[in-house]
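Visitor: Have a look at the structure that comes next, please.
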Amino acid sequence: MIDFSACIELMFLEDERLLDDRVRAAADSGFRAVEIWEWWDKDLPRLARALEATGTRLITLCVESWRDKCDLGDPSSHDEFLTRVRAAADAARKLNTPGLVVLAGDFVPGIEPAAQLRNAAEVLARAGEETGESGLELLVEVVNRAYEEPHALISDSRSALSLLRAVDLPNVRFLYDRYHAILNGEPLGAEIQDAIPLIGHVQAADIPGRHEFGTGTIDWATELAWLHKAGYDGYVGIEATPLGDSGQVYAAARALL
């Protein structure tokens, strides 16, 4: 059954809460899982204690910063990328976190596009083989090209799924961010209707504004019903800046189911 996780980089910031207090506030409001972006600038032992005390699971963290990412189409970036994956995997094991979020980076001038995709598949396969030994998943994400990633190597769900099929490892899967997919012009169900087993995680936020469900124009009851009927039964990460009280987001999302 679908449930929801909270991105505590954007939610439960009321009263200038520290990260561990955001975990507690999320748990108090009903969330059983949370997500973070950067892990390297956080007090991981303190975060781990809050997760354990509340019975909350940290389900994703990022391998690298969106602003300082490796371009996987360029072989010269591969050693650095694998170093970052290993460091993130070490943090994930300490936090009992199953998912490592990765981006493929941008197109690199001077390398033929098809070769770049082969290079990206090769290094993702190497990273997947290493992390698979620890039971971890790599979650490859696409961000919307119009606003945030105009030169991305993988720019939509179709190109991401093509890359993942080339990698062909069970622990290298797709992070389907519905917010980005909508901004990329993908209708409900487009591209992923036959690829649910490849989806390791889903994220979402309403449009416009990237706020909580019900603040924009998207029919999230229909969206969630489609995901459920298609066979997705994991978490939907609410990666949104709430216009209202963060403490009300979980109950409102559950009501849509």
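Computed from the coordinates by the stated procedures, all read-outs in this text should not be read as laboratory data. Remember, it's a predicted structure, so these values are computed and weren't measured experimentally. Neighbour counts are summed over all protein chains in view; Cβ atoms, including those assigned to glycine, are modelled from backbone coordinates with ideal geometry.
Visitor: At 0.36 nm per residue, and after removing the present C-alpha to C-alpha distance, how many nm does the segment from M1 to K94 gain when stretched out fully?
Guide: Roughly 30.8 nm would be gained on extension.
Visitor: For segment 3-256, with the dipole built from +1 on Lys and Arg beta-carbon atoms and -1 on Asp and Glu ones, taken about the Cα centre, which of M11, G244, T56 lies farthest toward the positive end?
Guide: Positive-end residue among those listed: T56.
Visitor: Give, in nm to one decimal, the length gained when the segment between T217 and R46 is fully stretched (0.36 nm per residue of separation minus the Cα-Cα distance).
Guide: Length difference between fully extended and current span is 57.7 nm.
Visitor: When only C-alpha pairs under 8 Å and at least 6 residues apart count, what is the relative contact order of the chain, in percent?
Guide: That works out to 21 percent.
Visitor: Next up: Using the Cα gyration tensor of segment 102-151, with a ≥ b ≥ c the square roots of its eigenvalues, what is the shape: rounded (a/c below 1.5), prolate (a/b larger than b/c) or oblate (neither)?
Guide: Taking the square roots of the gyration eigenvalues as a ≥ b ≥ c, segment 102-151 is oblate.
Visitor: Check the straight Cα-Cα distances from K42 and name the aspartates and glutamates below 16 Å, setting aside those fewer than 8 residues away within the same chain.
Guide: Those aspartates and glutamates meeting the cut-off are E9, E16, D20, D21, E64, D90.
Visitor: On to the next question. Give the residues of segment 52-95 whose amide nitrogen is closer than 14 Å to a point set 7 Å from the Cα of E38 in the direction of its Cβ.
Guide: 62-69
Visitor: Let's see if you can work this out: charge +1 on each Lys and Arg Cβ, -1 on each Asp and Glu Cβ, no other charges. What is the dipole magnitude of segment 3-256 about its Cα centre, in debye to the nearest 20?
Guide: Rounded to the nearest 20 debye, it is 480 debye.
Visitor: How about segment 1-80: which GluC sites (Glu not before Pro) there lie in a loop by DSSP and see at most 15 other Cβ atoms within 10 Å?
Guide: Within segment 1-80, the qualifying GluC sites (Glu not before Pro) (loop, at most 15 other Cβ atoms within 10 Å) are E38.
Visitor: Determine ³J(HN,Hα), in whole Hz, for all residues of segment 192-206 in sequence, where each value follows from phi through the Karplus function 6.51 cos²θ - 1.76 cosθ + 1.60 and θ = phi - 60°; x replaces Gly and Pro.
Guide: Those phi angles translate into 9, 4, 10, 10, 4, x, 7, 8, x, 6, 10, 10, 6, 7, 6 Hz.
Visitor: Dipole of segment 3-256 (Lys/Arg Cβ +1, Asp/Glu Cβ -1, origin at the Cα centre): which of N184, A27, A121 lies farthest to the positive side?
Guide: Value: A27.
Visitor: Compute the length gained on full extension between L243 and S65: take 0.36 nm times their separation in residues and subtract their Cα-Cα distance, giving the result in nm to one decimal.
Guide: Using 0.36 nm per residue and subtracting the Cα-Cα distance, I get 61.5 nm.
Visitor: Using the C-alpha atoms of segment 3-256, what convex hull volume per residue, in cubic angstrom, is computed?
Guide: It comes to 117 Å³ per residue, whole-number rounded.
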